[in-house]
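Encoded as structure tokens, the structure appears first; notes follow it.
The values are calculated or read from the model by the stated rules, or taken from the named source; none is laboratory data. Fair warning: this is a prediction, and the values are worked out from it, not measured in the lab. Neighbour counts run over all protein chains shown; Cβ positions are idealised from the backbone, glycine included.
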Amino acid sequence: MQVTLNVPEAANLSETDAQLLFAIKLFEAEKLSLGKAAEVSGLSYRTFHELLTRYHIPVVSYSDDEIKMDIENARRYFG
């Protein structure tokens, strides 16, 4: 799918910047995986990941239940 946006000049965004911001928001909204968002942004997986980290955007999101399960598993296996 191709999307065309009309961005006001006042936003002072390049096409590359707009593409990156769009990819970040799709990732944050859990509409795209990290790899697909990196692809949309035009960046490598690693570069996109580093960018998210730099802007304090969580790369992994766990539910409370998933965290509890991981802690229980760690205790079970590592004592």
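Listed here are the helices (runs of 4 or more DSSP H) enclosed by the chain that have at least 2 residues being of a type outside the set (Val, Ile, Thr) and loosely packed, with under 10 Cβ neighbours inside 10 Å: 45-54, 64-78.
Taking the stretch 25-56 as the range and being basic (Lys, Arg) and closer than 19 Å to Val3 by Cβ as the test, the residues that pass are Lys25, Lys31, Lys36. For Glu72, state whether it is at pLDDT below 95 and at positive phi. Answer is no for this residue. Of everything listed in (1) at positive phi; (2) touching a residue at least 12 places away in the same chain (Cβ under 8 Å), the single unmet condition for Ser41 is (1).
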